[in-house]
Amino acid sequence: MNDTTGPAETPGVEEFLGTKPVPRWRRWMKFWLPGLVIVLLILGIAQCTREAPPPDYITEAVVTENLSLSVTATGNLRPTNQVEVGAEVTGPLDSVLVDVNDRVTKGQVIAVINTEIIDQQIAQSRANLNAARAALAQAQAQFDIDKVQLSRLEEVRRLSGGRVPSQIEVEQAEAAVERDKAAVASARANIEAASAQLRGNLTTRSRAVIRAPVNGVVLARRVEPGQTVVASFNTVTLFVIAEDLSEMQLRVSIDEADVGQVKGGQQATFTVDAYPGRRFPATLERVDLASSSTTQAATAAAGGAASVVSYEARLDVANPEGLLRPGMTATATIATQNTGKAMLVPNAALRFRVDKKEEEGGGVFQPQIGLEEGKQQATIGEGSRQQVQVVQADGTLKAIDVITGRSDGRRTVVRSEQLKPGMKVVTGIKAAGK
């Protein structure tokens with residue numbers, strides 16, 4: 001039987017040697033890899049040699065507006081008239097008739113102290129007064145008897161021609177009358193003393209009933225029924241009553257650096273944490289002449305502490321809605337001056353400086369932003385000559401000299417012949433990638 005299969009295929013060299021075939025891209029790598037490296041090198045050199053893009057300036061327009069100068073201070077709200085009610089009588093409290101937030105009227109009974117001991121003292125005083133009156137009646141009767149006896153002796157002596165009674169008897173009768181007259185005067189004095197003692201005890205009795213001294217609201221109650229009240233040299237406070245909370249007072253501490261700018265009659269506004277975003281009006285009533293406090297403030301430059309003196313200022317506050325409460329912490333802004341229409345630039349524009357080294361080569365600018373407050377004031381003082389950088393149409397900067405005026409800490413009044421409203425002044429440079 002004949003075999004019909006064809007001749008067998010001849011194996012390749014790689015198959016014969018037992019190795020895998022090499023991919024085409026690897027066989028050509030010795031040609032394209034050096035070319036790729038050269039291309040990347042050319043791109044890197046081009047990136048490094050091209051000019052840097054111009055800086056992206058932060059600008060703000062020069063405006064002409066009114067600049068309102070103000071002084072900021074913190075303090076607390078208080079009632080216009082706050083009365084602390086104490087006790088002048090010692091004893092346990094029988095009853096307490098009011099509580100916190102209760103409205104009271106003048107003369108209203110708000111507490112009663114036990115009066116058993118005082119009532120006993122009143123009864124004793126009345127008995128002493130009655131005894132003194134009886135003693136007066138007795139002394140007066142004896143005076144009348146001795147006076148009649150003296151008159152009888154004088155008449156007998158007249159009728160007898162001075163023979164009887166003897167001179168000694170007459171003088172004794174006269175002495176008895178004078179003694180009785182003194183006894184009557186003493187009895188009357190004893191009555192006055194007993195009456196005064198009785199009136200004092202009655203007054204003490206009336207003060208055992210504690211009454212509201214003013215119309216107002218009870219802010220604090222510091223006693224409970226049954227508690228013993230001890231009257232001493234320092235009167236114990238039982239209640240605190242605010243006369244009228246529709247009119248209140250804001251007391252703030254003015255720093256000595258700002259006290260020369262504030263005076264009575266200036267308008268102010270203030271905020272409290274209870275109503276964020278809402279400003280309440282107030283009027284400055286007065287600033288105390290004497291300093292109210294002295295605190296120690298740390299000074300970083302000297303590494304020590306310096307004394308900071310403050311003065312208390314009082315502002316009148318209307319509270320018709322009853323939103324404000326005594327003790328609230330408030331931050332007040334007192335309007336001290338208005339410059340009128342003036343040309344204003346931001347303080348950041350006055351602090352912006354061009355790095356001279358980079359300015360010559362047309363490179364990067366260095367804005368001086370974030371200086372300490374003291375350095376800012378020293379640099380941007382009133383009447384100082386400063387420079388601002390104005391962006392021109394071609395994107396370059398032009399330095400313009402200005403003379404500074406008053407500042408509110410954010411914007412400053414300036415005078416300049418070249419600077420005009422609407423010009424864009426540089427306040428800083430945007431960070432890369434923003």
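Exactly one residue out of Ile110, Ile122 is under 30 Å from Val214 (Cα atoms), in a helix (DSSP H, G or I) and out of contact with any His (no Cβ under 6 Å at 6 or more places or on another chain): that is Ile122.
Of the residues making up the range 84-119, just one is farther than 20 Å from Gly226 by Cβ and crowded, with 18+ Cβ neighbours inside 10 Å, namely Val104. Among all residues of the range 386-397, there is none that is of a type in the set (D, E, K, R), closer than 27 Å to Asp56 by Cβ, at pLDDT below 90 and in a strand (DSSP E or B).
So if I check each of Glu51, Glu84, which one is of a type in the set (Asp, Glu) and modelled with pLDDT under 90? Among Glu51, Glu84, only Glu51 is of a type in the set (Asp, Glu) and modelled with pLDDT under 90. Among the residues of the range 160-194, the ones that are polar (S, T, N, Q) and surrounded by 12 or more Cβ atoms within 10 Å (Cβ to Cβ) come to 4 in all. For Asn66, the requirement of being under 37 Å from the mean Cα position of the chain (by Cα), among the polar types (S, T, N, Q) and at pLDDT below 90 is met.
For Pro421, only one of the following conditions fails: (1) modelled with pLDDT of 85 or more; (2) in a strand (DSSP E or B). What is its number? Against the list (1) modelled with pLDDT of 85 or more; (2) in a strand (DSSP E or B), Pro421 comes up short only on (2). The residue pairs whose first member lies in the range 250-272 and is over 14 Å from Leu289 (Cα atoms), whose second member is among the aromatic types (Phe, Trp, Tyr), and whose beta carbons are closer than 7 Å, counting only pairs six or more residues apart or on different chains, are Leu250/Phe270; Thr269/Phe280; Phe270/Phe280. Mind listing whichever residues of the range 65-102 are under 20 Å from Val287 (Cβ atoms) and not in a loop (DSSP other than H, G, I, E, B)? Passing the criteria: Ser68, Leu69, Ser70, Val71, Thr72, Ala73, Thr74, Gly75, Asn76, Leu77, Arg78.
Just one residue in the set Ala61, Ala132, Ala87 is under 35 Å from the mean Cα position of the chain (by Cα) and either in contact (Cβ under 8 Å) with a residue 60 or more places away in the chain or under 30 Å from Asp258 (Cα atoms) (or both); that residue is Ala87. Within the range 230-254, being over 20 Å from Thr80 (Cβ atoms), surrounded by 13 or more Cβ atoms within 10 Å (Cβ to Cβ) and modelled with pLDDT under 90 holds for Ala231, Thr235, Val236.
Closer than 30 Å to Glu192 by Cβ, in the same structural domain as Val177 (by TED's automatic domain parsing) and without any contact (Cβ under 8 Å) to a residue 40 or more places away in the chain: does that describe Asp119? It is false that Asp119 is closer than 30 Å to Glu192 by Cβ, in the same structural domain as Val177 (by TED's automatic domain parsing) and without any contact (Cβ under 8 Å) to a residue 40 or more places away in the chain.
The values are calculated or read from the model by the stated rules, or taken from the named source; none is laboratory data. From a predicted model like this one, the values you see are computed outputs, not experimental measurements. Note: ideal-geometry Cβ built from the backbone for every residue, glycine included; neighbour counts use all protein chains shown.
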